[in-house]
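The values are calculated or read from the model by the stated rules, or taken from the named source; none is laboratory data. The structure presented is a predicted model; accordingly, all values stated were derived computationally and were not measured. Every residue, glycine among them, receives a Cβ derived from its backbone with ideal geometry; neighbour counts consider all protein chains shown.
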Amino acid sequence: MTAARRPEELTEVELPAAEALELVHGWRPLTAAEADLLRDGLAEPILTRRLEEALRRLNPWLDEDGLRRAVAAVSRVAGADLLEVNEKVHTALTYGVTAAAEAGGRRRSRTVRFFDFDGPGGNTFELVRQFRVRGPRQDVVIDLVGFVNGVPLAVLEAKAPSLPDPLGDGIERFRRYQGLGPYAGLGAPRLFEVAQVSIVIAKDAAAYATTATPARHWGNWRTPYPMREQELEERLGRRPTAQDILLCSLMSPAVLLDLVRSFVAFETEDGRRIKKVARYQQVIAVDLAIRRILAAPDPALRGGVIHHTQGSGKSLTMVFLATKLRRLPEAENPTIVIVTDRTELDRQITGVFRNAGFANPMQAESGEQLRSLLATGAGQTVLTTVHKFHTAVPPGAPPITLARNVFVLVDEAHRTQYGGLAARMRRGLPGACMLAFTGTPIDRQDRSTRRVFGDYIHRYQIADAVRDGATVPIFYEMRDARLRIDGPDLERRLREENPELSDADIARLRGQVGGLSEAIAGAPARVEAVARDILNHYRQVIEPNGFKAQVVAVNRRTAVAYKEAFDRLGGPESVVVMSGGNDDDADLRAHHTTARERESLTERFKDRADLLRILVVCDMLLTGFDAPVEQVMYLDAPLREHLLLQAIARTNRVAEGKTHGLVVDYWGDAARIGEALSMFDEEDVRPALKPREEMVVLMHNRHRAAIRFFDGVDLADDEACLGLLEAEDVRAAFDIAFRRFAEAMEMVLPDPRAIEEPYYSDLRRLAGLRARARRRFRDERLNVRPYAEKVRALIDEALEAEGPRQLLEPVSILSPEFRAQIEALGGDPARAAEMEHAIRHEIHQLRDQNPAAYGSLAQRLEEIVNERREARVGAAAALRELDGLAEEVRAQHRRDRAAGDDGLAGAVAALLVEGVDGAAPAVGREIAAALEGLAIVDWHGKEDVQRQMRRAIKAALRGGGAPAERIEALTARVMDVARARLRA
């Protein structure tokens, strides 16, 4: 069951995609009919005959029993849900399955290979267009499926580039195919038990993901790889489109097999199993690192720097690289060492490796244990902090190991790799390959990440991540100068804030590094003022949309002072997360926490529904802390250089409804921002922080884009504006433009400029038009739910101001009020449009109850609409015909209701006329009786009951003489009718 296709979907997307894959990478086209001959029925997504051929070729020792078992291991897998089955299939495909083999008169277990991962040429790569798969209720037709050895690894959905949101439409289509959310019971989930990559293509846009990936985590592939863009252009004979770049990179035989084998991770987050597939920058970085390791003329030149900006997935990149190194024959069962410089980071990255299912990662608890683990021989994966090398490699001690198959992956390598600890690490592992991972590489005379580790292996910078949607942009705002610590006369301010201080106290503070500024920062009057300002800002800007905040204080005592001020001022729940000292007084000790307690608090903070809203820190959770729910950092500390840039990056993680991160700076001293940026490549850091003024510019531009839909028309003329929105594609494009305008307004609020003219008035008018369009065209997309709370309140206010009529839901043609609503509209064109969409909506709602009857009414509706569009009849004549059709729909509904349960037999019989001809009434009664007998409570959710129903339907159809080739399709349609009518 598929919707009508736009012609350009075939000519501009699907066919060019198939041609590119055949031309560039040699994918062999296979017709849908040829593919059907290679599988066991339409419900089987695997080309079983082709898979059997590959298994025999790759495993010549395999007997027939082993062959059947190997096929069943990927085609007949049980599990609690789609993702569990998919994980089991992925494990079988990548690691193989065991089967017994005869050798020297004895049977022993051997591993069955499904693919030749080391030589892509040893596999068959075939592409099928318009591949039909039978689902529980209906067939789905997939635009393109990429089969490797008969296994459907890649599923492609083509969307017309003229659609307003082709990628969004395609991603939603995958939800239907997989039977997720509201589509449970629909689609063909068996295909996605096996498929590993899902791809949406739309010529100038393309995205990919894997099974059950939320829309916000789909990614693009912007950089051609392994081909360069010029080479790809030469092979294609034209300039590559976005879909060409994605397909000719990801669907390269070597890349696709490698992606499936080494770049997929199953993790548990919030008690829920999820599947992740690498983003393109991760694939490219890992592949380039392996290439450098293999090609380096000197072992000392194997290392280098992977510069991937904060929030772009460095930890998983390290997992993927370690996975590849584990399988690399030339590495000879390597020792892999993961080095961080913070205990929290060590814990975090250990968790990432374990959650991703990496085999047996060992976390060193001490320097002595670190030396022991690394000295025991090859094959270990050890995670440690760099500080443990101090005791692991004491002065005068020999190296831990001289082995060259040791690979050290250093996280946040820009920080602690220039001094004594780094020297100890290198002395302990003199033959190791050193690979640096950093989001902020340093390039200064005294400290240079590249000089220490080698040249860049791959770079993925801030602008790349924002453009790809891997992170959100960060905006920067400096608060009221009276609250800042950047005044020219700190001593004067300190005396004003603390009149009790003596000259001796002032002199002592003046002699301390940062003493004057820290004293001012912690002055009770200032803490109270800043805390009040933070709470006002948080309540107005951040809290309405459900996000959270981090406050960075200059020292631990000031952090405690902020926490206490928030409590006095009635703020939301907050907590101090800080290190503790043995000499701390009672005030500080009251906020001491154990490592376990800190972990519990941060997990609470990450939970959007938890009431813990504000974390107050001074030196903890500024790096490596990943909490997408954090939108704002209130900065009241003199952070500098890489620590400053890493800290503010806490706000750039992607979350549902999050358009941007925000840094609110109370410390001031703009010079330190310049200092931080000057340490790094200007090209990379230029987009790191955007002035908040840019939000207003963005709102202006997006306002113009939304209002442009009505150029030349009076916005107060409802009918003229609705006429411009009648076409579905125009309505969808307008909705996207309105949403973008609303998002930009949300970013600016509560700044008064957001509600200046013409922004607020136009928001009101456009919101009213959307409400009218939603009612008239029965378009569920045009609702207020997706908007952030601040803007949703404005939209609700606008609708209420226009009167309760705007808030009413569309009135059904079955309702007595429908006639009055039609009469209230001005003019026959408006009445005809309202009538058309009301009838269409009602038929759609009722069609499953009696497909034959309502299908005929739907066909009549299209005839009337086409006559009107082709100007063969006027609006008045069309209105008369639509009025008559509406009465026919009402009459059919009355007949169905009067028939009650007996109507099931009639509806089924009407479906079967073309299948069993004259026997239709009798067969319909037989099927209805069987279904009513089986319809226990909640039968819609019981697969065993539905299986019995399908068996009963098929038996009745065979008894009535239905053709064998039509029984499956008729059964699916009868089940649809049963779901609509039998509510037990």
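Structure data summary
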{"read-out": "Test result for Thr391, outside any strand (DSSP E or B) and either at pLDDT 95 or above or β-branched (Val, Ile, Thr) (or both)", "value": "yes"}
{"read-out": "Top-ranked residue in the stretch 941-984 [being among the acidic types (Asp, Glu) and exposed (fewer than 15 other Cβ atoms within 10 Å of the Cβ); ranked as farthest from the chain's Cα centre (by Cα)]", "value": "Glu965"}
{"read-out": "Long-range neighbours under 9 Å by Cβ, at least six apart or interchain, first residue more than 17 Å from Ala909 (Cβ to Cβ) within the stretch 962-979, second aliphatic (A, V, I, L, M) and at pLDDT 80 or above", "value": "Glu968/Leu42; Glu968/Ala43"}
{"read-out": "Single match in Phe547, Phe605 (criterion: surrounded by 20 or more Cβ atoms within 10 Å (Cβ to Cβ), under 22 Å from Leu345 (Cα atoms) and of a type in the set (Phe, Trp, Tyr))", "value": "Phe605"}
{"read-out": "Residue that is farthest from the chain's Cα centre (by Cα), among those in the stretch 547-567 that are over 17 Å from Asp619 (Cα atoms) and either touching a residue at least 12 places away in the same chain (Cβ under 8 Å) or in the same structural domain as Asp346 (by TED's automatic domain parsing) (or both)", "value": "Ala565"}
{"read-out": "The listed residue being more than 30 Å from Leu328 (Cβ to Cβ), touching a strand residue (DSSP E or B) at 6+ places or on another chain (Cβ under 6 Å) and β-branched (Val, Ile, Thr), out of Val145, Val112, Val97, Val194", "value": "Val145"}
{"read-out": "Leading residue by the ranking (surrounded by the most Cβ atoms within 10 Å (Cβ to Cβ)) among those in the stretch 523-544 that are among the charged types (D, E, K, R) and over 14 Å from Glu477 (Cα atoms)", "value": "Arg526"}
{"read-out": "Conditions (1) out of contact with any His (no Cβ under 9 Å at 6 or more places or on another chain); (2) small (Gly, Ala, Ser); (3) in a helix (DSSP H, G or I); (4) surrounded by 14 or more Cβ atoms within 10 Å (Cβ to Cβ): number failed by Gly571", "value": "(3)"}
{"read-out": "Counted residues, the stretch 394-416 - those being modelled with pLDDT of 90 or more, over 32 Å from the mean Cα position of the chain (by Cα) and surrounded by 15 or more Cβ atoms within 10 Å (Cβ to Cβ)", "value": "7"}
{"read-out": "Pair list, Cβ under 8 Å, 6 or more apart: the stretch 1-13 residue of a type in the set (A, V, I, L, M), other residue part of a loop (DSSP other than H, G, I, E, B) and modelled with pLDDT of 55 or more", "value": "Met1/Gln138; Val13/Lys159; Val13/Ala160; Val13/Pro161; Val13/Ala202; Val13/Lys203"}
{"read-out": "Index of the failed condition, Glu496 passing every other in (1) at pLDDT below 90; (2) surrounded by 15 or more Cβ atoms within 10 Å (Cβ to Cβ); (3) charged (D, E, K, R); (4) farther than 30 Å from Leu402 by Cα", "value": "(2)"}
{"read-out": "3 or more residues modelled with pLDDT of 80 or more and farther than 17 Å from Gln310 by Cα: qualifying helices (runs of 4 or more DSSP H) within the stretch 417-468", "value": "420-428"}
{"read-out": "Single unsatisfied condition, Glu719 versus (1) touching a Gly at 6+ places or on another chain (Cβ under 7 Å); (2) of a type outside the set (A, V, I, L, M, F, W, C); (3) at pLDDT 80 or above", "value": "(3)"}
{"read-out": "Residue in the stretch 617-651 that is nearest to Leu345 (Cα to Cα), counting only those that are in a helix (DSSP H, G or I) and of a type in the set (D, E, K, R)", "value": "Arg650"}
{"read-out": "Residues of the stretch 930-954 that turn out to be touching a residue at least 24 places away in the same chain (Cβ under 8 Å) and either among the small types (Gly, Ala, Ser) or assigned by TED's automatic domain parsing to the domain that holds Pro182 (or both), as a count", "value": "3"}
{"read-out": "Test: Ala206 is surrounded by fewer than 21 Cβ atoms within 10 Å (Cβ to Cβ) and closer than 21 Å to Val654 by Cβ", "value": "no"}
{"read-out": "Checklist (1) in a loop (DSSP other than H, G, I, E, B); (2) within 36 Å of the chain's Cα centre (by Cα); (3) not charged (D, E, K, R) applied to Gly581, failing item", "value": "(2)"}
{"read-out": "In the stretch 63-92, the residues that are surrounded by 13 or more Cβ atoms within 10 Å (Cβ to Cβ) and aliphatic (A, V, I, L, M)", "value": "Leu67, Ala70, Val71, Ala73, Val74, Val77, Leu82, Leu83, Val85, Val89, Ala92"}
{"read-out": "Close pairs (6 angstrom Cβ cut-off, 6 or more residues apart or separate chains): in a loop (DSSP other than H, G, I, E, B) in the stretch 740-752, of a type outside the set (Ser, Thr, Tyr) anywhere", "value": "Leu749/Lys790; Pro750/Gln540"}
{"read-out": "Test: Gly377 is of a type outside the set (Phe, Trp, Tyr) and in a loop (DSSP other than H, G, I, E, B)", "value": "yes"}
{"read-out": "Tabulated pairs, the stretch 155-177, first farther than 16 Å from Glu14 by Cα, second of a type in the set (Val, Ile, Thr) and surrounded by fewer than 18 Cβ atoms within 10 Å (Cβ to Cβ), C-beta under 6 angstrom, 6+ apart or interchain", "value": "Pro164/Ile736; Asp165/Ile736"}
{"read-out": "Residue count, the stretch 634-658 (criterion: surrounded by fewer than 24 Cβ atoms within 10 Å (Cβ to Cβ), in contact with a helix residue (DSSP H, G or I) (Cβ under 7 Å, 6 or more places away or on another chain) and hydrophobic (A, V, I, L, M, F, W, C))", "value": "2"}
{"read-out": "Qualifying residue in the stretch 358-374 (condition: within 27 Å of the chain's Cα centre (by Cα), within 24 Å of Thr623 (Cβ to Cβ) and either buried (at least 20 other Cβ atoms within 10 Å of the Cβ) or not acidic (Asp, Glu) (or both))", "value": "yes"}
